[in-house]
Amino acid sequence: MTTFVNRVFSGVQPTGNLHLGNYLGAIKRFVALQHSHECVYCIVDMHAVTTWQDPKELTNNIREVTAAFLAAGIDPNKHIVFNQSQVAEHAELAWLFNCVARMGWLNRMTQFKDKAGKNRENASVGLFSYPNLMAADILLYKATHVPVGEDQKQHLELTRDIAAKFNHDFAGRIAELGLGESYFPITEPIIGGPAARVMSLRDGSRKMSKSDPSDMSRINLTDDPDTIAKKIRKAKTDPEPLPDSIEDLKQRPEADNLIGIYAAINDSDKETVITEFGGKSFSEFKPALAELAVEKLAPINAKIREYMADPASIDAILTNGADKAREIAKNNMGEIRESFGLVGAIK
Ligand code: AQP
């Protein structure tokens, strides 16, 4: 059995409107994992361009996601923080994975169906092969664990399928080269907790999303305290008081969402929130949630603004992170090229 270093990889797209779902489902958990793992955190700008991005806004959004990582507490000195396009090996491995993954596997991806919608013929090829680039991001660093929101579960399964197929197809070659029994780990997703899927504040059946046309559907990490409080006050709810048991939340998506948000922000769980607020009305619960959200998000918001006032220092952090990432990427990519038998493999 090949043993792998415990390494975390995850990424966030710089597509603007970074929201509470991205924070609770991903970034907040990235911060926690720094204490137990070696972490690689990436601003996945090449994923962003699978749909149209205004060039100036994209540059700004890359910096803003970096600022959010730093403001939330990610330490770029102890871990790696960089933007994907600075390490060309991501694109190279994605190409090779285009040749490992099967059409049938990608045809099953629900995110492509959701994002392409009825306009499938006009979607970019990149949007279709997006999961192969995601697999490349993760496996380039032989990451063993990936913290993500629930929406990314299917892509993680595809990453595992690609790793397993590569390990199987090239088993003889990998052994010959002395690269172990398996070259890639079968990466474990880290999904769960009360905010694995934060829903829209306007519709409890849709996930909170950057691309929702209604700004009232999400709490942006750049929203000021008044806006956060207003969005929570106006969040859709039903007329009943909060339930007394988790069981009763099943038929009440909006209540479930707000209770999950409260629990995740407060590092607690839905049971504890229900013990405190069960039987109370939303007019009591919403101000408590707004106060908690403002208390936890306002300092992050202030720090994002501070970092954004000095773009040159953000760029320096990204360049430094890319240098560290490239060291690992170059070594692994050399071995992968050799595994394929490509002539001129660079070590
Ligand atoms: N609503 C959510 N609840 C929990 N986690 C979420 N994530 C996204 N939305 C939620 C997690 O955030 C991380 C970064 O996501 P991304 O930047 O790769 O983009 P995404 O998942 O496509 O995010 P959006 O907001 O839904 O963007 P659009 O509107 O463009 O589709 C991931 O770990 C994701 O799971």
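The values are calculated or read from the model by the stated rules, or taken from the named source; none is laboratory data. Predicted, not measured: the structure shown is a model, and the values here were computed from it. Neighbour counts run over all protein chains shown; Cβ positions are idealised from the backbone, glycine included. Keep in mind that these areas ignore ligands, DNA and RNA; they rest on the heavy atoms of the full protein, side chains included. Shrake-Rupley method; radii C 1.70, N 1.55, O 1.52, S 1.80 Å.
Values for this structure:
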{"item": "Cα Rg, Dmax (largest Cα-Cα span) when computed across the chain, Å", "result": "21.2, 69"}
{"item": "Size of electric dipole in the chain: Cβ of Lys, Arg +1 and of Asp, Glu -1, about Cα centre, debye, nearest 20", "result": "600 debye"}
{"item": "For Gly11, distant residues with modelled amide H under 5 Å away", "result": "Cys42"}
{"item": "Accessible carbon and sulfur surface of the range 215-306 relative to its total accessible area, %, 1.4 Å", "result": "49 percent"}
{"item": "Net charge of neighbours whose Cβ lies under 14 Å from the Cβ of Leu221, counting Lys and Arg as +1 and Asp and Glu as -1", "result": "+3"}
{"item": "Computed [θ] at 222 nm, deg cm²/dmol, the chain (DSSP H ≥ 4; -39,500 (n - 2.57); rounded to nearest 500)", "result": "-16000 deg cm²/dmol"}
{"item": "Helix 55-72 axis, angle to the chain major axis (alpha carbon atoms, nearest 10°)", "result": "70 degrees"}
{"item": "Karplus-derived HN-Hα couplings along the range 96-104 (A = 6.51, B = -1.76, C = 1.60, θ = phi - 60°), whole Hz, x at Gly and Pro", "result": "5, 6, 4, 8, 9, 5, 9, 3, x"}
{"item": "Point-to-point label distance, Cys99-Val31, nm (Cα→Cβ direction, 7 Å offset)", "result": "4.3 nm"}
{"item": "For the chain, accessible area per residue (1.4 Å probe, heavy atoms of protein chains only), Å²", "result": "46 Å²"}
{"item": "Filtered trypsin sites (Lys or Arg not before Pro), the range 103-204: DSSP coil and at most 10 other beta carbons within 10 Å", "result": "none"}
{"item": "Between the range 47-95 and the range 292-312, the alpha-carbon center distance in angstrom", "result": "18 Å"}
{"item": "Distance between the range 252-271 and the range 155-180 - C-alpha centres, whole angstrom", "result": "40 Å"}
{"item": "Distance (nanometres) between label positions extended 7 Å along Cα→Cβ at Thr3 and Leu342", "result": "3.1 nm"}
{"item": "Positive-end residue, the range 86-202 charge dipole about Cα centroid, Cβ charges, pick of Asn122, Gln152, Thr187", "result": "Asn122"}
{"item": "Unsatisfied cross-links (Cα-Cα over 30 Å) in the set Lys28/Lys165; Lys207/Lys230; Lys56/Lys234; Lys115/Lys330; Lys165/Lys207", "result": "Lys28/Lys165; Lys56/Lys234; Lys115/Lys330; Lys165/Lys207"}
{"item": "Residue among Pro311, Val294, Val343 farthest towards the positive dipole end of the range 238-347, charges placed on Cβ", "result": "Val343"}
{"item": "Cα extents of the range 215-306 along the three principal axes, largest first (Å)", "result": "43, 24, 19"}
{"item": "Of every Cα-Cα pair in the range 131-193, the percent that sits beyond 18 Å", "result": "35 percent"}
{"item": "Gaussian network model of the chain, Cα within-10 Å springs - most flexible of Val125, Val49, Val40", "result": "Val125"}
{"item": "DSSP-defined antiparallel bridges as percent of all bridges, the chain, nearest 5", "result": "10 percent"}
{"item": "Cα-based Kirkwood hydrodynamic radius, the range 52-97, one decimal, Å", "result": "12.4 Å"}
{"item": "Under Karplus coefficients 6.51, -1.76 and 1.60, residue-wise ³J(HN,Hα) of the range 266-278 in Hz, glycine/proline x", "result": "8, 6, 10, 9, 4, 4, 5, 5, 5, 4, 7, 10, x"}
{"item": "Apportionment of accessible area to carbon and sulfur, the range 33-104, percent (1.4 Å)", "result": "56 percent"}
{"item": "Cα shape, the range 268-329, gyration tensor, a/c 1.5 rule", "result": "oblate"}
